[in-house]
Amino acid sequence: MKFIKAFISIAITIVLIWLLGIKIGPVPPLGPFLNPSTGFWQNAESKHIVAAENLVLPGLLGKVIIRYDEHRIPHIFAENDHDLYYAQGYVTAHDRLWEMDIQTREAAGRLSEIIGPKALETDRYHRRMGMVYGAENTLRGTLKDPATKMMLMAYTEGVNGYIHSLTPKDYPIEFKLLDYKPEDWQPINCAYLVMLMSETLAGGSDQFAMTNDLKRFGAKTVDDLFPDYPFFEDPIIPAGTKWNFKPLPIPKPSAGFLAQMTARIKTKEIEPGVGSNNWAISGSKSATGYPILANDMHLNLTFPAIWYQVQMSSPTVNVYGVSFPGAPGVVVGYNQHISWGDTNVDADVLDWYQVKFKDKSKNEYWYNNQWVKVKKRVEVINVRSRKPVIDTVIYTHHGPVVYGDASEKPAEKYETVPIGDALRWVAHDESNEFMAIYLLNRGKNYNDYREALAYFGVPAQNFIFASNDNDIAITSNGKFPLKFKDQGKFVLDGSDPANDWHGWVPADQHPTVKNPSQGFVRSANESPTDTAYPYYINWRFEQYYRSKRIADKLTAMKNATVDSMRIMQMDNYSILAQDVLPTMLKYLDPSKMDNDQLKAFDIVKKWDKHYAAKSIGASIFNKWWGKFYDTIWRDNFDVKGIFLKAPSFDRTEKLLLTEPNSKWFDNVHTPLKENAADIVNLAFNSMVDEMVRKYGKPGEKWQWGDVKQTFINHLANLPGFGTGDFSAGGVGGVINALRNNNGPSWRMVVQMGPTVTGYGVFPGGESGNPGSFYYRDMFQTWKDGKLNELLFLKSVGESSERIKSTLTLSGK
Amino acid sequence: MLFLIILILSFVSSYFLPWWVVAVMAFLAAFFIGKTPGKSFLSGFAAIFIVWTVLALLKSIPNDNILASRVVQLFPIPHRWIFLLAVTAAIGGLVGGMGALSGALLKKAFAK
């Protein structure tokens, strides 16, 4: 009896320990996670900084000195380039290892390994989109050049140098929460980072929706509602710029395309202004007589931040800026000769092709009047505590058939992907973006900048540039396929070689301008050129709102300083409101309004058109315009079961301002015939009703900063690891295009001159560890619209009060 | 006495052995010097409760408890870091207590 009692007690103890040691659903294994010797308590960093530390690491050739400033930004000084990229890998892994791991897993379609079957469709999507295939090609291109091979291999060594120094208690907290171990870094992971940016910035497509539009409404209507050049535009390269090169012959439209356009044959809400800004002013407009460059790149905002600040110095380079955790070099930044920044081009570099297979085996497809063999690629997806899933993807000469039939495609997901079509995507091609980064980091003048850009394939960027030679320039740059006009606006027939891409636009013929007479260059994702440019890049770009506002401000500007640029980056003025509000107000009749409507009318009439956090007018206009837009298009474009694309804000503006009696104002579901005035009134009343219902009578609760939700979450959406909702100004379509969790991921201003001085901030901190004092120490500065002066050390010995500690690395 | 022995053994071993070794330490100590099962459980519980509290605080105090204040929000308990400390210590205590109880019961079984 006594033995039984003892054994029961022992058994209970063992079961208890076992239960505490396993992951149950989303709950981490509590024993390993909570115990203070190896669990999360170990991730709590002390506020006492060790002023000097020495480490010996295998593989280093010489000595590396890393000086950390008050934001714990590393300033790396290496004796050679190998050690420089090694050290960058080491310090980045130290601060961002889990972020590097999870991002490359996402791109590689390997989330199921750690999350389980829940992530399977996400993984399949990435595999089937050819993310692995593309990364393999990018890696091949990168390893061909000795300089970029060195970068990638040394960076990888550095990351692994850090990983190998870890014991389980040192693992970043997310590994402990999700219960897995860091694995060795591979060079291909750096290529996955490039693929991920391509997916984010050049991986979207409205081709499928446009094809459905074409089928439903016919070519004439589609031409009218989805024009190839907007009603309002202010292109990146000043309109009227002459193109003094002899363009390549433009390919002829295929017979099928012409037939489509001449014969008969669940809208997603579009929100303008997902996007970035950059501009540079020439010395003639600045107080110092030297150019100033500004850049704010808009992306999804997360903890840890998407960017990692770093200064990198060796005998061949001394550069400061932001890097991607997981990729060597500085992506956007400056040295003591040049500065550069990016906005996205959104070129049409992703096309869908209909494929006709010979039979159900799908071994051959029809192309150029004959049957051609497909290639098959087997993707093995490992799933946590399950058997691996094996997925075979068919490749035509265009690329992968992402979803061969409806059974392969998950319901209500990836609706932009047409079924049965092959994907031609520039991100699949061999390329070497790292060479562009390598050269830009070392660039000294305009020619170096143009040489570097020729290597940059995808995602195409508007590269802005300023130098101490008093040059400013901007180039819409990337691999642009040579196409006939509108090739890829709709799904293409994959059997006709005339529909293939016909080569590339030569790099020296990319849209570019140097030192224009207006004294500034700028971009905000709008059309790169006016219609005189000989090549087709895309039929639609971001609308002109931010672009025009920036140009208006810069045109008027004299004696500009860094602060003038900083204030501009926070500008909330709405060009959309400037365009449409007078007309919308004109259609309202206050004599027919009730009290709430009158109050709202009065506020929006007096509104200064700034989307400030405290503005009530902004909330009223925003909802009013949104309802107006929805009411016009919903009856025709929100059709159950068909994926359609609704016209742009730009086209809607044209409708309001120039076609008040257009048939599109008429609601097909009512017997009445509505016009612009009817819809403006309907939208206004419905806006007031909704606002009163949600926020009470017009008043403080209607303030834009509270109505608009702004927040930054942890990458794994862990509660407590992000910011929660905070009040902030801005909206899509104004310079400060901050909304929800999308906004300026890095704001930078660089004053050129004898000493180049940079200013910058991102929302978060250098450390990805929520147990670090540097996890979000820059957030408040960012939120307040301020910038930190960036510490640029000209030499390793330069003294600065801002340096708080030094880490010395040396080889074995 | 038992309490002190478990406290010292688990404190020292926690730096190089897995987290569940506290149960083994408590078990062995109670097996050799434990008196009644009830008292052994209390000694094991109290010793590990205190060891884990002290070890956690050694990391958390120089951290101004910023990490614990974030992590506690993942748990369905009041969002104050001290509650997370209490949960941590209680789990450790339970494991230690059960180890000690098992040791004492086994000892009793062998004694005649």
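The values are calculated or read from the model by the stated rules, or taken from the named source; none is laboratory data. These figures come from a predicted structure and were not determined experimentally. Note that each Cβ is placed from the backbone with ideal geometry, even for glycine, and that neighbours are counted across all protein chains shown. These accessible areas exclude ligands, DNA and RNA; they are computed on the full protein's heavy atoms, side chains included. Shrake-Rupley method; radii C 1.70, N 1.55, O 1.52, S 1.80 Å.
Numbers for the structure displayed
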item	result
In the stretch A:237-259, residue modelled with the lowest pLDDT [restricted to those that are among the hydrophobic types (A, V, I, L, M, F, W, C) and surrounded by 14 or more Cβ atoms within 10 Å (Cβ to Cβ)]	A:257
All positions within the stretch A:476-515 that are assigned to a loop (DSSP other than H, G, I, E, B), touching a helix residue (DSSP H, G or I) at 6+ places or on another chain (Cβ under 7 Å) and at pLDDT 95 or above	A:479
Selection count where residues are more than 53 Å from the chain's Cα centre (by Cα) and either more than 7 Å from every other protein chain (Cβ to nearest Cβ) or crowded, with 19+ Cβ neighbours inside 10 Å (or both), scope the stretch A:4-19	7
Evaluation of residue A:38 against (1) part of a loop (DSSP other than H, G, I, E, B); (2) facing chain B (nearest Cβ under 7 Å); (3) more than 27 Å from residue B:16 (Cα to Cα) (one fails), failing number	(3)
For residue A:730: the one exception among (1) open to solvent by 10 Å² or more (accessible area, probe 1.4 Å); (2) touching a strand residue (DSSP E or B) at 6+ places or on another chain (Cβ under 9 Å)	(1)
Residue in the stretch A:541-562 that is open to solvent by less than 20 Å² (accessible area, probe 1.4 Å), assigned to a loop (DSSP other than H, G, I, E, B) and among the hydrophobic types (A, V, I, L, M, F, W, C) present	no
Residue match in the stretch A:95-107 (condition: closer than 24 Å to residue A:717 by Cα, surrounded by fewer than 22 Cβ atoms within 10 Å (Cβ to Cβ), within 34 Å of the chain's Cα centre (by Cα) and within 14 Å of another protein chain (Cβ to nearest Cβ))	no
Count of residues meeting criterion [open to solvent by 10 Å² or more (accessible area, probe 1.4 Å) and among the β-branched types (Val, Ile, Thr)] in the stretch A:745-789	3
Residue A:392 vs. criteria buried (at least 24 other Cβ atoms within 10 Å of the Cβ) and touching a strand residue (DSSP E or B) at 6+ places or on another chain (Cβ under 9 Å)	no
Residue within the stretch A:790-812 that is buried (at least 19 other Cβ atoms within 10 Å of the Cβ), assigned to a strand (DSSP E or B) and at pLDDT 95 or above present	yes
Helices (runs of 4 or more DSSP H) fully within the stretch B:1-98 counting 2 or more residues that are more than 8 Å from chain A (Cβ to nearest Cβ), open to solvent by 30 Å² or more (accessible area, probe 1.4 Å) and of a type in the set (Gly, Ala, Ser)	B:37-60
Extreme residue, surrounded by the fewest Cβ atoms within 10 Å (Cβ to Cβ), among residues of the stretch A:197-236 that are polar (S, T, N, Q), under 30 Å from residue A:342 (Cβ atoms) and out of contact with any helix residue (DSSP H, G or I) (no Cβ under 9 Å at 6 or more places or on another chain)	A:200
Options A:75, A:82: the member that is at pLDDT 95 or above and in a strand (DSSP E or B)	A:75
Residue in the stretch A:154-176 that is outside any helix (DSSP H, G or I), charged (D, E, K, R) and open to solvent by 30 Å² or more (accessible area, probe 1.4 Å) present	no
Flag if residue A:48 is open to solvent by 40 Å² or more (accessible area, probe 1.4 Å), more than 26 Å from residue A:317 (Cα to Cα) and of a type outside the set (A, V, I, L, M, F, W, C)	yes
Qualifying residues in the stretch A:25-35 (those that are of a type in the set (A, V, I, L, M) and within 7 Å of chain B (Cβ to nearest Cβ)) - the one farthest from residue B:65 (Cα to Cα)	A:30
Number of positions in the stretch A:506-529 that are open to solvent by less than 30 Å² (accessible area, probe 1.4 Å) and in contact with a Pro (Cβ under 8 Å, 6 or more places away or on another chain)	8
